[in-house]
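Asker: Here you go, one structure.
The values are calculated or read from the model by the stated rules, or taken from the named source; none is laboratory data. Here the structure is a predicted model, which is why all the values come from computation and not from measurement. We place every Cβ from the backbone using ideal geometry, glycine too, and count neighbours over all the protein chains shown. Heads up: the accessible areas ignore ligands, DNA and RNA and are worked out on the full protein's heavy atoms, side chains in. Shrake-Rupley method; radii C 1.70, N 1.55, O 1.52, S 1.80 Å.
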Amino acid sequence: MRWLGRLPHAHIVLFTVLMGWLNADRYKVDFGPSAGTAVLVLSVLQSGAAVLALSRPVPAWWVSTIALFLARNAGEFSVGHPPLWSWSIPGVALHALVLFLLALRVRPRLAAEVLGLSLLAGAAALVFAAPAPDPSLSPGSVPLDFAAALQEGSLAQDALIFTIAVVLGTALRGRRVARTQLVEQEVLTAEERARRTLLEERNRIARELHDVVAHHMSVISIQAQVAPHLVKDPTDELKENLAGIRGNAVEALTELRRVLGVLRSEDALADGVRHTPQPTLGRLDDLVGTVRGAGLRVTTEITGEPRPLSPGVELSAFRIVQEALSNAIRHAPGAEVRVAIGYRTGGLTLRVANSAPDGPAPPSQGAGHGLLGMHERTAMLGGELATGPTPDGGYEVTAILPAQAAKPDDPGEPAP
């Protein structure tokens, strides 16, 4: 593909070589056989300017304009036929190519200025050109001059050719700029969508973890209130400290509820789930039953000694399994899913793998939060997550979560 991208450049080089050859033949006729060096120099300058315009369009235009002006005003050499502008047809074609390549690279205003200067240079070439002798004219007759060129419309024809070249180049440049801006906008939109998706997922995780923190603050408040009654003849200092602990816990709980209300203010389901306990791995059977009801074949395997873990780990583990099963339902219809949970010393291993789907999955309805939420929850706990396709055409999600067992007085499930 890289070489194919250079193909237009090769075409331009071939075109300039062909036009340079035709241009040299035209100048040999116009200048005569004694002007070999001038013919060679002018032909090389005009063809070389077109090649130079591929990388340096403005200097190339200067070279082409000067060369074409000299072609009409090279001392004793002058064109004796009615000119197509003041140059030969190959010369006009080469200069039009230079204008086209320049219009592709520069702003439209600069392209219009260059077009105007080219027309002025052509008019000047006709004004200052030395007239060529014409045997058909009697002595004292006036040969073709600027006024005659205007009458025959040659200058207008050249102006039309150059204008078309500049307009075409400017239009293609505008289309390319518009396409580039569209691609940049699409990139920005994709980045903004990814950023918004990340913030939405973090917002959801924050809402859930606020419930977990609020549960712990409630336990601290209750324990601080009950503690004085568990001690015989508690001192005033102990009562004062416990009262301060309870007051701080109640104040922190109030602030948490305010923050949680802000986070849930735009949640359409907030009123329905505001007082629902956050799920734990104890509800895994209910989750699997729901997925089986959706038509997915699911098997579960639990290794190690099941034990209650901290609420944050329980919640994150449940959500990771839930998201993995949801992705299997959406993207692998008819597949068989295996859920494996391993309790290890100091950690929890989750693995959800599905086989290849029975048929094509329905088209996605946009960017989802599944994998992003898994990564966020795993990173929050300092764990590791690996996702990717399997050799048999399925998909696998594996998470390793550092986990500590819940304290004996921890109920293991967040309060409403």
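Asker: Considering only the range 287-363, give the strands (runs of 3 or more DSSP E) lying wholly within it that have at least 1 residues that are out of contact with any Asp or Glu (no Cβ under 8 Å at 6 or more places or on another chain), open to solvent by 30 Å² or more (accessible area, probe 1.4 Å) and acidic (Asp, Glu).
Answerer: Per the criteria, 297-303, 336-344.
Asker: For the range 364-389, enumerate the residues that are polar (S, T, N, Q) and either at pLDDT 90 or above or open to solvent by 40 Å² or more (accessible area, probe 1.4 Å) (or both).
Answerer: Those that are polar (S, T, N, Q) and either at pLDDT 90 or above or open to solvent by 40 Å² or more (accessible area, probe 1.4 Å) (or both): Ser364, Gln365, Thr387.
Asker: Shifting gears a bit: Report, by residue number, each residue of the range 192-221 that is of a type in the set (A, V, I, L, M) and open to solvent by 100 Å² or more (accessible area, probe 1.4 Å).
Answerer: Leu199 - this is the single residue of the range 192-221 that is of a type in the set (A, V, I, L, M) and open to solvent by 100 Å² or more (accessible area, probe 1.4 Å).
Asker: Ok, one more. Out of all the residues in the range 316-324, is one or more in contact with a Ser or Thr (Cβ under 9 Å, 6 or more places away or on another chain), over 19 Å from Leu401 (Cα atoms) and without any contact (Cβ under 8 Å) to a residue 40 or more places away in the chain?
Answerer: No.
Asker: Please determine, by comparing only the residues of the range 50-88 that are modelled with pLDDT of 80 or more and polar (S, T, N, Q), which one is farthest from His11 (Cα to Cα).
Answerer: Result: Thr65.
Asker: Could you give every pair whose Cβ atoms fall below 7 Å, whose first residue belongs to the range 54-69 and is more than 13 Å from Ser43 (Cα to Cα), and whose second residue is open to solvent by 60 Å² or more (accessible area, probe 1.4 Å), counting only separations of at least 6 or pairs across chains?
Answerer: Leu54/His9; Pro57/Arg105; Pro59/Leu52; Ala60/Leu52
Asker: Considering only the range 408-416, I want to know if a residue exists there that is of a type in the set (Gly, Ala, Ser) and modelled with pLDDT of 70 or more.
Answerer: Within the range 408-416, none of the residues are of a type in the set (Gly, Ala, Ser) and modelled with pLDDT of 70 or more.
Asker: Quick check on this structure: which one of Ala171, Ala243, Ala249 is under 30 Å from Arg377 (Cβ atoms), part of a helix (DSSP H, G or I) and open to solvent by less than 100 Å² (accessible area, probe 1.4 Å)?
Answerer: Unique residue meeting the criteria: Ala249.
Asker: Look at Ala227 and say whether it is open to solvent by less than 60 Å² (accessible area, probe 1.4 Å), at negative phi and without any contact (Cβ under 8 Å) to a residue 40 or more places away in the chain.
Answerer: The answer is yes for Ala227.
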